[in-house]
Amino acid sequence: GCVLVVSVIEQLAQWHNSTVKAAVERLCDYLPGKYQVMCHMLCCIAREMNADVVCHSLKLCKQDPGQPLCHLYPPPKREKHSPGLFYALAHAGPKHQIISKSFMGFSSICTFPLLANLCEKIKYVIRNKLPFEDFDGDKFSTFPTLRGYHWRGRDCNDKNSTVYPGRRPDNWDVKSDSNCNGIWGVDPKDGIPYEEKFCKGADSQGVVLLGDSAGAHFHIPPEWMTVTQMSAKSFANLPMAFSDELDWPQFSEITGFLNSTIGGWTDSLYLRLRKRNRCNHRDLQNISQNGGSSENLLYLIKSLARNQLLDNPAIVIYATIGNDVCNGNRDTLAHMTTPKEMLSNVMQALRYLDSRLPNGSHVILTGLVDGRFLWDNLHDRYHPLGQLNRDVTYSQIYSFLDCLQVSPCSGWLTPNETLRNLTSERALQLSNVLKEIARSEKFANFDIFYMDFPLRQTAEEWRKMGGEPWQLIEPVDGFHPSQIAAALGTSITWQKALHEWPQVLGKENPFNDQIEAIFKDQGGH
């Protein structure tokens with residue numbers, strides 16, 4: 001983190017031909033109010049030192065005994081017989097010793113008084129995966145972030161726990177909207193409740209994602225570290241992004257519902273189900289987390305909000321597409337999920353779903369991605385941090401993260417082709433476990449299907465549109481699917497379902513236009 005921030009500051013100084021102090025002040029001015037307190041600490045950076053030297057000098061980066069000295073940039077030129085980086089650290093100057101002491105009490109941004117309250121809220125939602133603002137305890141919220149309605153359909157009455165998205169209507173919603181789809185009241189022409197007239201027998205169903213950071217749609221805006229484009233506008237979304245764990249589920253492939261503000265466009269399974277049947281409005285749950293795997297999904301799944309007796313059926317997408325083979329350990333292969341563990345974890349999750357989902361639901365198991373696509377298409381390209389001086393490639397970023405043992409995937413983000421192949425081999429083995437479960441297992445309350453993660457088809461579709469494969473990958477982390485990949489993936493999944501499992505999607509509601517005409521002002525998300 002320090003290396004990224006200091007790199008941005010030094011590049012700001014270079015781009016604007018200013019002192020580092022002026023660059024720090026410029027960056028502080030760009031940040032929203034309460035976040036400015038963090039950057040005022042960075043007052044003593046010497047422009048002639050690279051970010052690795054500065055951060056080690058500030059004691060924010062350290063070298064553990066017996067571990068290599070991790071650096072993003074090439075070490076400074078050697079003097080006599082001293083290794084460059086060690087020499088530079090030894091001669092970093094007293095001002096860095098002073099500033100490092102003032103940093104020691106601020107090893108976490110959560111120790112800043114102005115941010116402590118927000119951090120506590122974020123810790124709560126990360127721990128519980130439930131909305132922080134939920135006054136009636138029904139697991140739905142009227143607040144967007146902190147696991148609120150960016151993640152689950154927006155509650156329309158947060159003082160009544162029997163009112164929430166996805167339930168079957170209470171007495172056909174004659175007097176009020178009990179399921180938050182915006183349809184309620186009685187048609188004065190014939191006395192028939194609108195919900196009964198438009199939604200009875202319409203195969204209404206919700207969509208639920210059980211997933212990882214790809215499903216939650218992890219994204220760090222490239223304009224946060226591209227100094228040639230940087231302005232106050234670049235950081236306007238920082239508070240929202242921070243309180244959504246750097247995820248953007250509101251634009252995601254399965255549960256996205258807002259127009260994308262991070263490039264590309266929004267197309268999602270939820271939006272297509274809603275278009276097919278307007279009665280499905282707001283019935284979505286994105287139960288994903290950064291680092292989600294078949295193992296920790298067993299805890300995460302307990303935050304599912306579905307009542308077997310009162311609620312509509314749901315389509316559940318089970319998609320942990322990488323973390324069962326991805327980790328940052330040096331001996332990465334030893335820490336991958338085995339086929340036997342995968343079988344056990346997924347079967348436990350499915351048995352839990354069978355005890356919670358209303359009858360008539362559907363579960364789609366998604367296979368793991370072939371992550372060799374990442375190295376093949378990115379390793380020799382310049383990272384946003386390296387575009388100004390053409391000095392930082394994705395290969396360097398991957399090696400830096402791997403050295404720190406925080407790589408999102410040591411098995412795929414590596415120059416070691418053998419290791420990349422072995423990681424893909426294990427991913428395929430785990431996908432075959434899912435495929436076999438879908439083929440052989442039966443459950444009381446849902447049918448079950450399998451589909452491969454559609455990366456190859458997505459890349460082919462994007463090429464036909466004139467795009468390049470690297471544009472399908474998030475530019476800052478060089479690991480997650482981009483907004484474009486998410487939108488294209490939706491289209492491919494939908495077409496597969498239409499042709500192979502039409503029963504999953506339900507029939508088209510012939511009253512959609514009438515519903516929109518009558519309730520257009522009540523249907524806002």
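The values are calculated or read from the model by the stated rules, or taken from the named source; none is laboratory data. Since the structure is predicted, the reported quantities are computational estimates derived from the model, not experimental observations. For neighbour counting, all protein chains shown are included, and Cβ atoms are generated from backbone atoms with ideal geometry for every residue, glycine included. The accessibility values were calculated without ligands, DNA or RNA, using every heavy atom of the protein model including side chains. Shrake-Rupley method; radii C 1.70, N 1.55, O 1.52, S 1.80 Å.
State which residue pairs qualify: first residue part of a helix (DSSP H, G or I) and inside region 52-64, second residue modelled with pLDDT under 85 and of a type outside the set (S, T, N, Q) in any location, beta carbons under 6 Å apart, and separation of 6 or more residues or different chains. Note: pairs meeting the criteria are Val53/Ala88; Val54/Ile45; His56/Leu89; Ser57/Ala92; Ser57/His96.
Close Cβ contacts (under 6 Å, 6 or more residues apart or on different chains) running from residues in region 495-512 that are over 20 Å from Glu461 (Cβ atoms) to residues that are open to solvent by 60 Å² or more (accessible area, probe 1.4 Å) comprise Gly506/Asp203; Lys507/Asp203. Residue count for region 490-517 satisfying the condition of being over 20 Å from Leu209 (Cβ atoms) and hydrophobic (A, V, I, L, M, F, W, C): 3.
Only residues that are touching a residue at least 60 places away in the same chain (Cβ under 8 Å), open to solvent by 30 Å² or more (accessible area, probe 1.4 Å) and out of contact with any strand residue (DSSP E or B) (no Cβ under 8 Å at 6 or more places or on another chain) were counted across region 469-483, and they come to 2. Might you check whether a residue that is in contact with a Pro (Cβ under 9 Å, 6 or more places away or on another chain), modelled with pLDDT under 75 and part of a helix (DSSP H, G or I) occurs anywhere in region 36-43? The answer is yes; a qualifying residue exists.
Examine region 395-409 for a residue that is closer than 20 Å to Val208 by Cα, open to solvent by less than 50 Å² (accessible area, probe 1.4 Å) and either at pLDDT below 95 or not in a loop (DSSP other than H, G, I, E, B) (or both), and state whether such a residue exists. No; the residues of region 395-409 include none that is closer than 20 Å to Val208 by Cα, open to solvent by less than 50 Å² (accessible area, probe 1.4 Å) and either at pLDDT below 95 or not in a loop (DSSP other than H, G, I, E, B) (or both). You will find that of Asp247, Asp212, Asp203, the residue that is of a type outside the set (S, T, N, Q) and in contact with a Lys or Arg (Cβ under 6 Å, 6 or more places away or on another chain) is Asp203 and no other. Only residues that are over 15 Å from Ala314 (Cα atoms) and open to solvent by 10 Å² or more (accessible area, probe 1.4 Å) were counted across region 165-184, and they come to 9. Scan region 242-266 for residues that are modelled with pLDDT of 95 or more and more than 28 Å from Asn280 (Cβ to Cβ) and the total you get is 1. Mind listing whichever residues of region 279-311 are within 23 Å of Gly201 (Cβ to Cβ) and crowded, with 24+ Cβ neighbours inside 10 Å? Selection gives Cys279, Asn280, His281, Arg282, Asp283, Leu284. What's the number of the condition Ile448 fails, among (1) closer than 16 Å to Ile321 by Cα; (2) more than 23 Å from the chain's Cα centre (by Cα); (3) crowded, with 20+ Cβ neighbours inside 10 Å? With (1) closer than 16 Å to Ile321 by Cα; (2) more than 23 Å from the chain's Cα centre (by Cα); (3) crowded, with 20+ Cβ neighbours inside 10 Å applied to Ile448, the lone miss is (1). Of all the criteria given as (1) hydroxyl-bearing (Ser, Thr, Tyr); (2) open to solvent by 10 Å² or more (accessible area, probe 1.4 Å); (3) part of a loop (DSSP other than H, G, I, E, B), the one not satisfied by Thr255 is (2).
With respect to His383, determine if the residue is modelled with pLDDT of 95 or more, under 30 Å from Lys435 (Cα atoms) and assigned by the TED database to the domain that holds Tyr450.
Values: modelled with pLDDT of 95 or more: yes; under 30 Å from Lys435 (Cα atoms): no; assigned by the TED database to the domain that holds Tyr450: yes.
No: the conditions fail for His383.
Checked against (1) open to solvent by less than 70 Å² (accessible area, probe 1.4 Å); (2) in a helix (DSSP H, G or I), Leu428 meets all criteria but (1). Based on this model, can you work out whether Phe132 counts as within 23 Å of the chain's Cα centre (by Cα) and surrounded by fewer than 19 Cβ atoms within 10 Å (Cβ to Cβ)? The answer is yes for Phe132. Of all residues in region 141-164, which are buried (at least 17 other Cβ atoms within 10 Å of the Cβ) and basic (Lys, Arg)? Scanning region 141-164 gives Arg147, Arg152, Arg154. Looking only at region 451-468, count every residue that is farther than 14 Å from Leu368 by Cα and open to solvent by 40 Å² or more (accessible area, probe 1.4 Å) and tell me the total. The qualifying residues number 8.
Each residue in region 44-64 was checked for being at pLDDT below 70 and open to solvent by less than 50 Å² (accessible area, probe 1.4 Å), and 3 of them qualify. Every listed requirement among (1) open to solvent by 60 Å² or more (accessible area, probe 1.4 Å); (2) touching a strand residue (DSSP E or B) at 6+ places or on another chain (Cβ under 9 Å) is met by His219 save one, (1).
Here is a check on your reading of the model: is Val504 buried (at least 20 other Cβ atoms within 10 Å of the Cβ) and in the same structural domain as Ala314 (by the TED database)?
It is false that Val504 is buried (at least 20 other Cβ atoms within 10 Å of the Cβ) and in the same structural domain as Ala314 (by the TED database).
Flag not set for Leu385, criterion: closer than 30 Å to Lys340 by Cα, in a helix (DSSP H, G or I) and either among the aromatic types (Phe, Trp, Tyr) or in contact (Cβ under 8 Å) with a residue 24 or more places away in the chain (or both).
Among the numbered conditions (1) modelled with pLDDT of 95 or more; (2) out of contact with any Ser or Thr (no Cβ under 8 Å at 6 or more places or on another chain), the only one that Ala487 does not meet is (2).
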